[in-house]
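The values are calculated or read from the model by the stated rules, or taken from the named source; none is laboratory data. Just so you know, these numbers come straight off a predicted model, no measurement behind them. Cβ sites come from the backbone with ideal geometry, for glycine too, and all protein chains shown count toward neighbours. Keep in mind that these areas ignore ligands, DNA and RNA; they rest on the heavy atoms of the full protein, side chains included. Shrake-Rupley method; radii C 1.70, N 1.55, O 1.52, S 1.80 Å.
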Amino acid sequence: AQKVTQAQTEISVVEKEDVTLDCVYETRDTTYYLFWYKQPPSGELVFLIRRNSFDEQNEISGRYSWNFQKSTSSFNFTITASQVVDSAVYFCALRGYTGGFKTIFGAGTRLFVKA
Amino acid sequence: SAVISQKPSRDICQRGTSLTIQCQVDSQVTMMFWYRQQPGQSLTLIATANQGSEATYESGFVIDKFPISRPNLTFSTLTVSNMSPEDSSIYLCSVERTGGADEQFFGPGTRLTVL
């Protein structure tokens, strides 16, 4: 079975703090894909990143960075110097061949960034 | 990316009635999906809309309750039939271009309230 766990339900930080959102996944597939999406208060889901299982290189995009570690089945997301506009729900997701190549979403982490 | 529009954006319906939600994409896509997001919850896949054939439903969702059409590669509809207050949710259309491992894009959602 495939599963995505985001253990942090809500996180509250003050602007300019760094924050890490955790994501742990389970899959028996050797080839799979991991994603992060952002859902701001407006409700529309925004794609942030895709990572395949063969690429463990960390990625940085501006203030965002992602740490993929197959050894611990984790794909964590860090926001550096957080801003109020980062306030949103963030979803980690997994897609693998088991179960018909469908995307499984975690429960989401709600991030509050206070000014 | 793909630009996805949904109609209606929101509706308030009476118990026992049906509502059809439309999803239009600005370009041809291979995969179209329908998700439900209940208040404060994650995304749950209802079904995959297949062009020219019956949709593929996930466990817990049936065609009689959620009939889906997909007449071409840019358009799909989801009907929520015989509605009850438990159907109050956001319904999201999602697309993936190639049927492979690309990221999914999401429509703005239809916020449904059933009285």
Quiz prompt | Pairs with Cβ under 6 Å, 6+ apart, first in region A:23-38 and in contact (Cβ under 8 Å) with a residue 40 or more places away in the chain, second outside any strand (DSSP E or B) and open to solvent by less than 40 Å² (accessible area, probe 1.4 Å) | solution = A:Cys23/A:Gln6; A:Val24/A:Ser73; A:Tyr25/A:Ser73; A:Thr27/A:Gln2; A:Thr31/A:Ser53; A:Tyr32/A:Ser53; A:Tyr33/B:Ala101; A:Tyr37/A:Leu45
Practice problem: Could you check region B:1-111 for strands (runs of 3 or more DSSP E) lying wholly inside it with 3 or more residues that are at pLDDT 90 or above and more than 25 Å from A:Arg50 (Cα to Cα)? | Solution: B:10-13, B:19-25, B:68-72, B:75-80
Quiz item: Has region A:51-69 got any residue that is touching a residue at least 60 places away in the same chain (Cβ under 8 Å), of a type outside the set (S, T, N, Q) and out of contact with any strand residue (DSSP E or B) (no Cβ under 6 Å at 6 or more places or on another chain)?
Solution: no
Practice problem: Collect the residues in region B:61-98 that are over 18 Å from A:Phe105 (Cα atoms) and within 14 Å of chain A (Cβ to nearest Cβ), keeping them in residue-number order. | Solution: B:Arg97, B:Thr98
Self-check item: Selection within region A:1-50 - surrounded by fewer than 16 Cβ atoms within 10 Å (Cβ to Cβ) and of a type in the set (Val, Ile, Thr)
Solution: A:Thr5, A:Thr9, A:Val14, A:Thr20, A:Thr30, A:Thr31, A:Val46
Exercise. Please indicate, with yes or no, whether at least one residue in region A:85-108 is out of contact with any Pro (no Cβ under 6 Å at 6 or more places or on another chain), crowded, with 20+ Cβ neighbours inside 10 Å, without any contact (Cβ under 8 Å) to a residue 60 or more places away in the chain and away from chain B (no Cβ under 14 Å).
Key: no
